[in-house]
Amino acid sequence: MQLLDLRGQLDRTSQAFFRFRRLGPERTLITNAEGRWLILSDADFAAYATGAVVEGSELYRRLSDGNFLRATWDEAKARDMIAARKQFLGYGPNLHVMVVTLRCNETCVYCHASRADMDATHTDMTPEIAEKAVDLAFMSTSPSITIEFQGGEPLVRYDLVKHIIEYAKAKNETAGKTVEFTMVSNLSLMDDEKLDYLLEHKVQMCTSIDGPKDLHDKQRILPTLSAYDAASSWIEKINRAYVDRGLDPSLYHVEALVTTTKGALGRAEEIVDTYAALGCRALFLRPIDPFGFASKTAKMVEYPRADYLRFYAEATDYILELNRQGTQMIERYAAIFLTKILRGEDPNFLDLRSPAGAGISMLAYSYDGDVYTCDEGRMLAAQGDQTFRIGNVFESSYRDLVGHPTVRAMVIASNLDSQPDCVDCTYNPYCGIQTTHNHKTQGSIFGRMRESNVCAVHKGIQDYLFGKLADGEPHVLEAFERWTTVRAREHFLHDGAGSADGDP
Ligand code: SF4
Ligand code: SF4
């Protein structure tokens with residue numbers, strides 16, 4: 001009888017499934033499978049861990065609301081949140097990267113794309129390959145697809161970019177998907193005529209700014225002019241064009257990416273100021289990747305990830321301070337994690353989800369018609385490693401590609417519940433790993449997370465964010481809420497099948 005009473009007591013106060021991580025004195029983070037979280041004091045964590053939470057107490061209420069107690073555990077609440085987080089699994093590939101050429105007029109020290117010289121015309125995609133690639137993209141079961149132009153420099157083959165846009169739009173008259181076009185460009189080959197066309201056809205533009213002019217021009221070299229001047233002048237012009245078209249500049253602007261090199265460390269505030277001066281509202285503080293030329297120039301550009309995390313914290317602290325003073329800017333890594341942490345939604349960033357998007361949410365079409373699971377897969381192929389080649393536009397059906405054994409293996413390897421370290425990690429509900437990165441750096445798509453640079457970055461950034469959430473400064477919490485408010489950029493959507501979306 002006494003034993004039964006004890007069991008009843010344990011059931012009411014003992015833990016449902018949880019993971020924990022100590023963030024510092026009086027701060028232990030607990031998370032559960034669906035991604036709810038709490039930060040507990042040492043006394044509260046001890047009570048929880050030993051099943052000694054007093055029923056009816058404030059701690060009991062917090063734990064119960066978070067679905068952390070066995071007695072009040074709500075299966076439907078857990079299931080619905082997991083289903084919302086994994087919504088992306090219901091669709092086929094959404095992102096289709098088209099490498100229209102490897103040629104590029106710029107020379108970047110870390111070029112991940114393994115660019116080719118301007119006379120290497122054999123690295124251009126043909127119109128036949130482009131049409132086959134678009135045909136495959138439209139086979140996707142996803143109701144919306146994004147065609148992303150990459151290179152090399154895609155403006156080298158502006159004629160082919162136009163051809164793809166027009167071919168895809170004609171195809172969409174019957175397919176009826178929602179289509180977006182994006183272009184990753186250094187912008188130096190832009191001119192007014194090209195810009196008019198790209199604006200008319202609602203192509204989103206994305207470029208790279210590595211920081212102040214001296215840093216950018218040292219890392220990204222154009223033969224006759226400053227790469228920074230070229231990119232920044234077009235950023236300003238394009239952003240003005242959006243305003244002239246009546247579009248909200250906080251939503252419509254050129255997206256610019258930072259590639260954080262050794263030269264950037266220690267210059268966090270200058271880099272943020274450069275972006276603010278250009279009117280860029282978002283920074284993505286990406287660490288350097290080991291793909292392409294970056295593997296050859298590692299001595300010049302690489303650094304320990306602890307140094308990166310110091311840089312990240314310094315830059316993000318400064319962005320938060322600018323927010324407090326009224327300059328609205330976001331850091332994209334933080335926004336991705338916080339959307340999962342604070343809203344329970346997944347923004348579907350393909351390298352930061354479980355399972356990752358390679359092959360099931362994206363495909364990359366190289367200039368020669370070969371198809372890869374992802375952009376990094378084709379970058380590795382450019383260096384002679386064909387591991388992630390899954391077919392060719394002339395030989396492979398859509399089913400051959402998405403059901404390829406390599407795609408299946410990558411899905412298993414990037415499922416955090418099948419990763420030895422990730423399965424126990426407190427950050428499991430919000431995180432993601434990169435199988436291509438594991439393969440390149442550790443020789444296996446599974447990798448070993450405790451020695452992985454990607455894991456170190458993800459863990460460090462989440463430590464930083466949860467530290468801020470625990471500090472609870474009102475201006476930081478308010479900025480974090482804003483960073484996770486997703487506003488659709490409907491201007492960029494093209495709807496087919498007779499819709500009146502006002503497309504030219
Ligand atoms: S990173 Fe881009 S712009 Fe720079 S060399 Fe490579 S392809 Fe060209
Ligand atoms: S990658 Fe690292 S931080 Fe992310 S879930 Fe796995 S072990 Fe945790």
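The values are calculated or read from the model by the stated rules, or taken from the named source; none is laboratory data. Every value quoted in this text rests on a predicted model; they were computed, and no experiment measured them. In this analysis, Cβ positions are derived from the backbone assuming ideal geometry, glycine residues included, and neighbour counts consider all displayed protein chains.
Of note:
- Failed condition for residue 299, given (1) modelled with pLDDT of 90 or more; (2) on the phi < 0 side of the Ramachandran plot; (3) more than 16 Å from ligand 2 (Cβ to nearest atom): (1)
- Among the residues of the range 241-260, those that are out of contact with any Pro (no Cβ under 9 Å at 6 or more places or on another chain), on the phi < 0 side of the Ramachandran plot and not hydrophobic (A, V, I, L, M, F, W, C) comprise 244, 245, 248, 249, 250, 252, 253, 255.
- Contact annotation: no residue pair with Cβ atoms under 9 Å, 6 or more positions apart or on different chains, pairs a residue in the range 167-186 that is without any contact (Cβ under 8 Å) to a residue 24 or more places away in the chain and not assigned by TED's automatic domain parsing to the domain that holds residue 207 with a partner that is more than 16 Å from ligand 1 (Cβ to nearest atom) and among the acidic types (Asp, Glu).
- Residues (surrounded by fewer than 22 Cβ atoms within 10 Å (Cβ to Cβ) and among the β-branched types (Val, Ile, Thr)) located in the range 356-396: 387
- Extreme residue, nearest to the chain's Cα centre (by Cα), among residues of the range 121-171 that are more than 21 Å from residue 396 (Cα to Cα) and acidic (Asp, Glu): 153
- Only listed residue being of a type outside the set (Lys, Arg) and free of Cβ contacts under 8 Å to residues at least 12 places away in the same chain, chosen from 347, 304: 304
- Of all residues in the range 441-462, those satisfying the criterion of being near ligand 2 (Cβ under 9 Å from one of its atoms) and touching a Lys or Arg at 6+ places or on another chain (Cβ under 8 Å) are 456, 457, 460.
- All positions within the range 90-116 that are closer than 24 Å to residue 179 by Cβ and either part of a strand (DSSP E or B) or among the β-branched types (Val, Ile, Thr) (or both): 95, 96, 97, 98, 99, 100, 101
- In the range 399-428, residue nearest to ligand 1 (Cβ to nearest atom) [restricted to those that are within 21 Å of residue 32 (Cα to Cα) and touching a Pro at 6+ places or on another chain (Cβ under 6 Å)]: 414
- Of all the numbered requirements in (1) farther than 21 Å from residue 428 by Cα; (2) at pLDDT below 95; (3) not small (Gly, Ala, Ser), residue 70 misses one, and that requirement is (1).
- Residue satisfying condition, being within 11 Å of ligand 2 (Cβ to nearest atom) and surrounded by 22 or more Cβ atoms within 10 Å (Cβ to Cβ), within set 420, 429: 429
- Meets criteria (under 30 Å from residue 135 (Cβ atoms), at pLDDT 95 or above, outside the structural domain of residue 288 (by TED's automatic domain parsing) and within 16 Å of ligand 2 (Cβ to nearest atom)) for residue 414: yes
- Hey, residue 82 in contact with a His (Cβ under 6 Å, 6 or more places away or on another chain) and more than 16 Å from ligand 1 (Cβ to nearest atom) or not: no
- Meets criteria (under 24 Å from the mean Cα position of the chain (by Cα) and either under 13 Å from residue 437 (Cβ atoms) or not acidic (Asp, Glu) (or both)) for residue 393: no
- Pairs with Cβ under 8 Å, 6+ apart, first in the range 215-244 and under 19 Å from residue 267 (Cβ atoms) and modelled with pLDDT under 95, second of a type in the set (Lys, Arg) and assigned to a loop (DSSP other than H, G, I, E, B): 215/267
- Which listed residue, of 283, 278, 322, is without any contact (Cβ under 8 Å) to a residue 60 or more places away in the chain and either within 16 Å of ligand 1 (Cβ to nearest atom) or closer than 25 Å to residue 106 by Cβ (or both): 283
Residue-wise test of (1) within 16 Å of ligand 2 (Cβ to nearest atom); (2) without any contact (Cβ under 8 Å) to a residue 40 or more places away in the chain; (3) farther than 13 Å from residue 365 by Cβ; (4) in the same structural domain as residue 207 (by TED's automatic domain parsing).
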{"position": "105", "(1), (2), (3), (4)": "no, no, yes, yes"}
{"position": "108", "(1), (2), (3), (4)": "no, no, yes, yes"}
{"position": "122", "(1), (2), (3), (4)": "no, yes, yes, yes"}
{"position": "128", "(1), (2), (3), (4)": "no, yes, no, yes"}
{"position": "138", "(1), (2), (3), (4)": "no, yes, no, yes"}
{"position": "143", "(1), (2), (3), (4)": "no, no, yes, yes"}
{"position": "162", "(1), (2), (3), (4)": "no, yes, yes, yes"}
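- Count of the range 62-89 residues, restricted to those that are of a type in the set (S, T, N, Q), surrounded by 14 or more Cβ atoms within 10 Å (Cβ to Cβ) and part of a helix (DSSP H, G or I), is 1.
- Residues (in a helix (DSSP H, G or I) and surrounded by 17 or more Cβ atoms within 10 Å (Cβ to Cβ)) located in the range 25-61: 44, 45, 47, 48, 59, 60
- Subset of the range 164-206 [closer than 18 Å to residue 142 by Cα and basic (Lys, Arg)]: 169, 171, 177
- Selection status of residue 106, among the acidic types (Asp, Glu), within 16 Å of ligand 1 (Cβ to nearest atom), surrounded by 23 or more Cβ atoms within 10 Å (Cβ to Cβ) and over 30 Å from residue 340 (Cβ atoms): no
For every residue, the table says whether it meets (1) away from ligand 1 (no atom under 16 Å from the Cβ); (2) outside any strand (DSSP E or B); (3) at pLDDT below 95; (4) polar (S, T, N, Q).
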| site | (1), (2), (3), (4) |
| --- | --- |
| 118 | no, yes, no, no |
| 122 | yes, yes, no, no |
| 129 | yes, yes, no, no |
| 135 | yes, yes, no, no |
| 148 | no, no, no, no |
| 159 | yes, yes, no, no |
| 168 | yes, yes, no, no |
| 182 | no, no, no, yes |
